[in-house]
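Enquirer: Next up is a structure, given as structure tokens.
The values are calculated or read from the model by the stated rules, or taken from the named source; none is laboratory data. Just so it is clear, the model here is predicted, and its values are computed rather than measured. Virtual Cβ from ideal backbone geometry, glycine too; neighbours counted across all protein chains shown. Only protein heavy atoms, including side chains, enter the accessible area calculation; ligands, DNA and RNA are left aside. Shrake-Rupley method; radii C 1.70, N 1.55, O 1.52, S 1.80 Å.
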Amino acid sequence: MTQAEPDFWVLEYVTITRDPRTGLVVAVGGTEQAADILQRTGGFLSVPGPRGDYHRLPHGLPLEQQRLKATAASHALLAAAHSVHLDPALNMLVAPDGEREAALRYLAGLAERAATATTGSEVAEVLTEIAAPVQGLLPLVREVVVRVWIAADDFQEAAPVRKTDPLARLGSTADSMSEAARAILHARNHAARPGQRPATASPPPAGRVRPAESRRR
């Protein structure tokens, strides 16, 4: 006898995440009871959407307030036996250094992949992680540098900044990082060609290299 699959109401699941386009924290799905908890515990607002009503936090909330309200709402929903997915970036209970430690593990993993690469395609995969145009490490770091440059320019408006000032040179540093990313992608394309193998530096065979003094003689 074939056992029937249980019925799952997908819309009863609540997903709380930050919308990448608007930066708003939104909650999608859930029952009327879940909506009540979102509004009472998290301060979420019910708003009409193209596919039905959903919930979001008010505009202009600082990041820590967003995380606090999203975490409080998710735990209240869990306590009421609702199924919830909370974006880890909004979870206040995540260790403060958790994201940094994950980033360091990711970088260490990339270095290990590069050290153990045996084909050009494996090298190309690592270089793609470094310099991919949108999600590559170098373009993301460049974005941080640009934002710091803009912020530094804003708070130094009252005082004239010389072109030789280190903060003023952040713009050219960002340009250099863009050029470096392009060079890395060019190397990635070369490494990805069939038959390419990583270059390995090997010492010359014993007895083949004469001392400099004997060569001069």
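Enquirer: Does V84 satisfy being closer than 23 Å to H190 by Cα, modelled with pLDDT of 85 or more and over 15 Å from the mean Cα position of the chain (by Cα)?
Expert: Answer is no for this residue.
Enquirer: Given A73, A102, A81, A89, which one is without any contact (Cβ under 8 Å) to a residue 24 or more places away in the chain and farther than 30 Å from E122 by Cα?
Expert: A81
Enquirer: In this structure, is R105 closer than 25 Å to L140 by Cα, out of contact with any Asp or Glu (no Cβ under 9 Å at 6 or more places or on another chain), modelled with pLDDT of 85 or more and among the basic types (K, R)?
Expert: So R105 passes the test.
Enquirer: Right, another one. Any idea which of (1) touching a residue at least 40 places away in the same chain (Cβ under 8 Å); (2) more than 12 Å from V26 (Cβ to Cβ) is the one P48 doesn't satisfy?
Expert: (1)
Enquirer: What are the residues in segment 82-100 that are surrounded by 15 or more Cβ atoms within 10 Å (Cβ to Cβ) and assigned to a helix (DSSP H, G or I), if any?
Expert: Result: L90, single match.
Enquirer: Ok, one more. How many residues does segment 55-81 hold that are within 29 Å of the chain's Cα centre (by Cα) and open to solvent by less than 70 Å² (accessible area, probe 1.4 Å)?
Expert: Number of matching residues: 15.
Enquirer: Can you name the condition, by its number, that A34 falls short on among (1) in contact with a Ser or Thr (Cβ under 9 Å, 6 or more places away or on another chain); (2) at pLDDT below 95; (3) crowded, with 20+ Cβ neighbours inside 10 Å?
Expert: Going through the list (1) in contact with a Ser or Thr (Cβ under 9 Å, 6 or more places away or on another chain); (2) at pLDDT below 95; (3) crowded, with 20+ Cβ neighbours inside 10 Å, A34 breaks only (1).
Enquirer: Counting only residues that are more than 28 Å from L107 (Cα to Cα) and part of a helix (DSSP H, G or I), which one in segment 153-191 is modelled with the lowest pLDDT?
Expert: So the residue we want is F155.
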